[in-house]
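Scroll down for the structure; my scribbles are underneath it.
All of the numbers you see were taken from the coordinates with simple rules; none came from a lab. Just so you know, these numbers come straight off a predicted model, no measurement behind them. Ideal geometry is used to build each Cβ from the backbone, glycine not excepted, and the neighbour counts take in all protein chains shown.
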Amino acid sequence: MKLLQVKDSETMARRAADLIGAQLLLKPRCVLGLATGSTPIETYAELVRRFREGALDFSKVTTVNLDEYCGLTGENPQSYRYFMQQHLFGQVNIPPENTHLPNGAAADPAAECARYDQLIEELGGVDLQLLGIGHNGHIGFNEPDTAFTAPTHQVQLKEGTIQANARFFSSIEEVPKAALTMGMSAILRARKVLLLAGSDKAGILRAALYGPVTPQVPASLLQLHPDVTVITTGAVQ
Ligand code: F6R
């Protein structure tokens with residue numbers, strides 16, 4: 001594991017964009033695994049800036065996002081599809097048909113999860129997976145206690161996650177109670193992992209990186225991955 005402790009979120013975004021940019025240059029036809037949440041927003045803005053400068057080309061890139069809320073279509077401003085459209089897809093030259101998220105509005109969530117796993121397999125797996133981390137150690141929506149080996153699946157969100165995500169909704173009642181998420185096994189199969197964490201995550205990040213590997217802290221499973229880069233503004237060591 002490579003740990004980069006940086007001074008501020010702007011530096012974190014630049015370092016993350018360096019790594020994602022390098023992936024695009026080395027393999028233009030790559031598969032990027034992407035995350036939503038507040039942490040990667042500056043990184044997406046930096047990627048967009050570099051694209052506008054002509055330094056990056058997304059025309060051959062394919063993306064698969066980690067997760068989506070159940071019950072929300074891509075037109076809903078609270079959906080992760082909408083988020084990605086705003087922050088990245090709509091700002092760069094990635095073909096829309098190359099951008100994938102689980103369909104949270106699918107009538108049959110189990111079939112949708114199976115379709116998503118099949119899609120990732122057909123794409124040849126993820127080259128670089130970008131991750132954030134929840135205050136409880138969740139990755140995607142793999143909450144504490146869920147099976148490590150689960151494929152893409154539907155999860156009931158923990159109360160703490162619902163509360164943390166309420167900041168994006170006008171009331172806590174509006175936060176969906178379930179989501180579809182890529183499982184830890186697909187995340188661990190990514191060839192490279194890039195985890196971003198602000199200083200508010202220092203405690204859980206320390207537990208994930210240096211504590212026991214346990215389903216209580218899903219991110220701790222990343223200790224088993226051979227190519228993880230962590231960029232953080234927090235004091236982890
Ligand atoms: C979002 C996701 C979540 C977030 C995590 C941290 O796609 O997978 O696991 O990465 O909840 O969210 P922020 O960055 O908002 O603190």
task = Can you check what the Kirkwood hydrodynamic radius comes to for the stretch 165-206, Cα pairs only, in Å to one decimal?
result = 13.5
remark   = Averaging 1/r across every pair of distinct alpha carbons in the stretch 53-140 and inverting yields a Kirkwood hydrodynamic radius, in angstrom, of 14.3
message = Per DSSP helix of 4 or more residues, -39500 (n - 2.57); summed, then divided by the residues of the chain. What does that give at 222 nm, rounded to the nearest 500?
response = -9500 deg cm²/dmol
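Taking the Cα centre as origin and putting +1 on Lys and Arg beta-carbons and -1 on Asp and Glu beta-carbons, what dipole magnitude results for the stretch 127-237, to the nearest 20 debye? Walk me through the numbers on the way to the answer.
Values: 8 positive and 8 negative charges, 51 e Å.
Once rounded to the nearest 20, the dipole reads 240 debye.
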note = Within the under-13-Å Cβ sphere about Leu47, not counting Leu47, Lys/Arg +1 and Asp/Glu -1 give a net charge of 0
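Suppose R0 equals 35 Å. What FRET efficiency, 1/(1 + (r/R0)^6) with r the Cβ-Cβ distance, do Ile172 and Asn93 give to the nearest 0.05?
On the way: r = 38 Å, r/R0 = 1.08.
Once rounded, the FRET efficiency stands at 0.40.
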task = Could you work out the relative contact order of the chain, using alpha carbon pairs under 8 angstrom and six or more residues apart, expressed as a whole percent?
result = 25
Residue among Gly140, Gly183, Gly54 with the largest mean-square fluctuation in a Gaussian network model of the chain, springs linking Cα atoms under 10 Å = Gly54
task = Report the semi-axes of the equivalent ellipsoid for the stretch 88-178 in whole Å, largest first, where each axis is √(5λ) for an eigenvalue λ of the Cα gyration tensor.
result = 24, 18, 15
message = If every alpha-carbon in the stretch 1-81 counts as one equal scatterer, what log10 I(q)/I(0) does Debye give at q = 0.12 1/Å?
response = -0.41
ask   = Ranking Phe83, Phe51 by Cβ neighbours within 10 Å, fewest first, what do you get?
value = Phe51, Phe83
ask   = Each label point is 7 Å from the Cα along the Cα-to-Cβ direction; what then is the distance between the points at Arg29 and Val213, in nm?
value = 3.3
inquiry  = Restricting the calculation to Cα positions, tell me the Rg (one decimal) and the Dmax (whole number) of the stretch 131-237 in Å.
reply    = 13.6, 41
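How high is the FRET efficiency from Lys7 to Arg49, r the C-beta distance, R0 22 Å, rounded to 0.05? Write out the running numbers ahead of the final one.
On the way: r = 20 Å, r/R0 = 0.89.
For Lys7 and Arg49, the calculated efficiency is 0.65.
Using the structure shown, list the pairs from Lys60/Lys158; Lys27/Lys177; Lys158/Lys192 with a Cα-Cα distance above 30 Å, or answer none.
Lys60/Lys158; Lys27/Lys177
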key: Amide H partners (placed H, <5 Å) of Phe58, local residues excluded   = Asn93
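Quick check on the chain: what are the equivalent-ellipsoid semi-axes from the Cα gyration tensor, as sqrt(5λ), descending, whole Å? Mind showing how you got there, number by number?
Working: eigenvalues 107, 99, 64 Å².
Whole-Å semi-axes of the equivalent ellipsoid: 23, 22, 18.
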Choice from Leu180, Leu66, Leu24 with maximal GNM fluctuation in the chain (Cα, 10 Å cutoff) = Leu24
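Could you give the dipole magnitude of the chain about its Cα centre, charging the beta-carbon of Lys and Arg +1 and that of Asp and Glu -1, in debye to the nearest 20?
Values: 20 positive and 24 negative charges, 153 e Å.
Taking the Cα centre of the chain as origin, the dipole is about 740 debye.
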